[in-house]
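Quick notes on the structure that follows.
The values are calculated or read from the model by the stated rules, or taken from the named source; none is laboratory data. Given the structure is predicted, the values throughout are model-derived calculations rather than measurements. With ideal geometry, Cβ positions are generated from the backbone for all residues, glycine too; neighbour counts draw on all protein chains shown.
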Amino acid sequence: MLPNKWRARPKGGPLDPALASWLCEPGSLTARCLRNSSEFRVRLLRYEKEQALADEGIRLNQSRHPAWVREVALECDGIPVIFAHTTLSTASNGRLSQWLSRLGSNSLGSLLFTHPGFRRNHIEYRRLDKRHPLFQRAAALGTTGDILWARRSLHRLGNQQVLVTEVFLPSVVLLAD
């Protein structure tokens with residue numbers, strides 16, 4: 001049986017050690033991708049205003065307001081390895097709203113881990129199955145299988161907070177450390 005909620009630790013079955021090292025990476029996944037590939041790219045898939053997913057709205061305390069949703073594929077050597085889904089409430093404006101709208105195909109991770117004003121909350125983990133909307137969006141990148149691991153964390157800057165969810169594609173374990 002799959003866990004149906006986000007958890008403080010990865011749970012729900014055996015975890016490949018190579019995948020576990022990526023899933024539990026405390027730093028920037030962008031920086032790690034740059035270290036482990038000869039060519040790194042962030043491919044912007046979409047950026048639009050929409051309703052946050054149910055569990056995101058609860059986590060962001062803003063279920064009634066629409067959110068800015070940005071989705072990208074992190075690609076190493078031309079292969080998608082991570083699907084990233086970012087949700088930012090439209091309830092408040094600030095620097096983060098402006099920065100997110102201008103990112104394009106630049107990495108959000110490089111901003112989150114270098115700007116001194118950001119505070120990151122704890123990381124949560126979840127196994128996603130085919131019923132989860134983020135599994136379906138990640139699978140559109142050409143992945144196979146019934147389960148994908150994901151993690152998410154809330155980053156705060158002033159009165160704004162952004163929820164970043166990263167879904168790990170099976171190809172991530174092929175990157176050498």
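Quick check on Ala84: is it over 15 Å from the mean Cα position of the chain (by Cα), buried (at least 18 other Cβ atoms within 10 Å of the Cβ) and closer than 25 Å to Ala8 by Cβ? Judged against the criteria, Ala84 is not a match. For region 115-149, the set of residues classified as surrounded by 13 or more Cβ atoms within 10 Å (Cβ to Cβ), under 15 Å from the mean Cα position of the chain (by Cα) and either farther than 19 Å from Val172 by Cβ or of a type in the set (Lys, Arg) (or both) consists of Arg120, Asn121, Arg126, Arg127, Arg137, listed by residue number. Residue check: Ser110 meets all listed conditions (1) at pLDDT 90 or above; (2) under 14 Å from the mean Cα position of the chain (by Cα); (3) of a type outside the set (Asp, Glu) but one, namely (1). Within region 71-91, is even one residue among the β-branched types (Val, Ile, Thr) and outside any strand (DSSP E or B)? Taking every residue of region 71-91 in turn, at least one turns out to be among the β-branched types (Val, Ile, Thr) and outside any strand (DSSP E or B). Report, by residue number, each residue of region 29-70 that is modelled with pLDDT of 90 or more, assigned to a helix (DSSP H, G or I) and surrounded by 18 or more Cβ atoms within 10 Å (Cβ to Cβ). Correct list: Leu29, Thr30, Arg32, Cys33. Residues of region 127-153 that are of a type in the set (D, E, K, R) and touching a Ser or Thr at 6+ places or on another chain (Cβ under 9 Å): Arg151, Arg152. Counting the residues of region 113-138 that are at pLDDT below 90 and polar (S, T, N, Q) gives 2. Put simply, of Arg137, Arg119, Arg127 the only residue that is within 19 Å of Val72 (Cα to Cα), among the basic types (Lys, Arg) and touching a residue at least 24 places away in the same chain (Cβ under 8 Å) is Arg137.
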